[in-house]
Amino acid sequence: MRISIRLFQRQVLNSAFNSVNIRLCEHEKLDFYSQYHPLPLSMQKFIDFGTKDASSRDSYIFLQKELPVRLANIMKEINLLPDNLLKMPSVAVVMGWYQQSFKELIAFEDRTIDDKMLKSFTSTLVHIRNRHGNVVETMAQGVMELKDSYGIDSNTESRVQYFLDRFYMSRISIRMLINQHTILFGKKEKNNNPRHIGCIDPSCNLPLVVKDAYENARFLCEQYYLTAPQLDLTIKNSSFQDNANEPVQIVYVPSHLYHMLFELFKNAMRAVVEHHPEHSIPSLNVMIVKGQEDLTIKISDQGGGIPRSKLDLLFQYMYSTAPQPARSDIASAPLAGYGYGLPLSRLYARYFQGDIVLNSYEGFGTDAIVYLKVLSNEANEMIPVYNKTASKVYNRDIAVNDWSFPWQTGTRSMSSYTHHRR
C-alpha cells in the first residue's frame, strides 16, 4: 500500500500555486512560499516512508514544495537582520547561497515528472547540500566581522542570538530532508549500514555512540594535553520492567547524537584536565537511563564547575571560555574556542523535541544532561516559522528591567540617600 498522500503531497500548496501566474519573478515567489508554514515530520513518519513503498516520485512531490517553503521562511528573516550585519561580506555570501538554492529548487515547478527529471532533482539536492556545507562557519565569521567593524550592543546581540537559533535550526531541518532523499534514492550515496533508513538508525545503540564520541574526544584531548580522563559508564533500562538488561536503543539519527556528545565530552575533558594535576585526573561519570518517555544521558565531570552568573552565557553564540583560535580545517580543529559548540548541540537535541541542560556546582564540577524522546511518534521536528510575531522580535528593543539589580546604572548611592534623609 502506498504511503499516505497526506504526508508527501501538500495539496493546499499545490492548488494555491497552480492558481497563481507561474511567471512570477523570483522575489514574488519568495513572498509566495514564505506565506506557508513548514510541515514538521516526526521520526516515525521518516521511518514509515523509508520502509513502506518508498519512491523517489513521492519524495519529490513533497520536497519540491517543502524545501522552498523552509528556505523562503528563513530567507525572509535574514532580510530583517540589522543593516550593518547584512553589509558584512560573509553574510552576503550566505545570502547568495540561499538565493541560488531557492532559484534552483523553484526551477522544478513546471517540469514533467519522469526518471530523468527525478535524477536531476536528486543531483540538485546534492549540489545544494555541498554548497551549504560551510554555512555555520561563514555566518559566524559574518558576526565576527560585525563585532570588529561596529561593535555589538545588547539589543543587536539579542536579535542575532534569536536569529542564529532559528537560522541554524532551519539549516538542520533542511539538511535532514535532503539527506533522507539523497541516501534513499541517490545511487552514489547508499548508506553502508543496511539497518539504517536514510540517515536514521531505527535501533540506535546509545552506549556505542557514547563510547565512540568519548574515544574521539579523548584522542583530541590527549593531543593537546597529553592526558585525558577515563570513562565510567552506567546503563539503566527502565523501559523494560521485566528485563532491565535489554539494550538501550531508540530511533534516532546517530550523527546528530554524536555531534552533541562529542561537544559535551570535549568541554568536560578540557575542564577536568585544566582543573586537576596531571597525576590525579578523575574520571567522567556517564549515566544512560531509558524511561517510558525520555532517554537521558548525564555526563558528570569534576572540572571545577561554572558560576551561576555565567551559566546562561554558555549557550550564547558570541561567548566562549577559551581563547579564539585561528580558523582552520575541521580535521585539525582545536579542543575549544569558537563558542558555537554548545548552542548548536542544544539545537540538535531540540530538533526532535529533546534538550540539553547544564547543572553546575561551582568549585566541584558540572552535569551536562541530554534529553531525547523515546517514542518516535512524539519526536517531531521543531522548525522556525516566519510570521508577524517573529518579525516583531527584530524591531523590538530589550525591555527595561522592572526588578532591582546591584549593577543597575543610574541609581543613587547610599550616601546621597542618607544625606536626603537628614
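Kindly check whether there is at least one residue in the stretch 172-181 that is over 18 Å from the mean Cα position of the chain (by Cα), part of a helix (DSSP H, G or I) and crowded, with 16+ Cβ neighbours inside 10 Å.
Yes: one or more hits.
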What are the pairs with Cβ atoms under 8 angstrom where one residue, in the stretch 133-155, is under 15 Å from Asp165 (Cα atoms) and the other, located anywhere, is assigned to a loop (DSSP other than H, G, I, E, B) and of a type outside the set (A, V, I, L, M)? Sequence gap at least six, or different chains. Val136/Tyr340; Glu137/Arg327; Ala140/Tyr317; Ala140/Tyr338; Ala140/Tyr340; Val143/Tyr317
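Is it the case, given these coordinates, that Thr156 is closer than 27 Å to Ala399 by Cβ, out of contact with any Gly (no Cβ under 8 Å at 6 or more places or on another chain), part of a helix (DSSP H, G or I) and open to solvent by less than 50 Å² (accessible area, probe 1.4 Å)?
Criteria met by Thr156.
Identify, from the list Tyr386, Tyr417, Tyr338, Tyr348, the residue that is at pLDDT below 95 and closer than 22 Å to Arg218 by Cβ.
Result: Tyr338 is the single residue among Tyr386, Tyr417, Tyr338, Tyr348 that is at pLDDT below 95 and closer than 22 Å to Arg218 by Cβ.
Right, Phe102: farther than 20 Å from Met169 by Cβ and open to solvent by less than 10 Å² (accessible area, probe 1.4 Å) or not?
So Phe102 does not fit the description; no.
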Looking at the stretch 51-88, which of its residues are outside any helix (DSSP H, G or I) and more than 24 Å from Asp201 (Cβ to Cβ)? Asn79, Leu80, Leu81, Pro82, Lys87, Met88
Given the conditions (1) outside any helix (DSSP H, G or I); (2) open to solvent by less than 60 Å² (accessible area, probe 1.4 Å), and given that Met287 satisfies all but one, which numbered condition is not satisfied? (2)
Within the stretch 301-326, work out how many residues are open to solvent by less than 20 Å² (accessible area, probe 1.4 Å), modelled with pLDDT of 95 or more and at negative phi. 2
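The values are calculated or read from the model by the stated rules, or taken from the named source; none is laboratory data. Quick caveat, the model's predicted, so the values are computed rather than measured. With ideal geometry, Cβ positions are generated from the backbone for all residues, glycine too; neighbour counts draw on all protein chains shown. These accessible areas exclude ligands, DNA and RNA; they are computed on the full protein's heavy atoms, side chains included. Shrake-Rupley method; radii C 1.70, N 1.55, O 1.52, S 1.80 Å.
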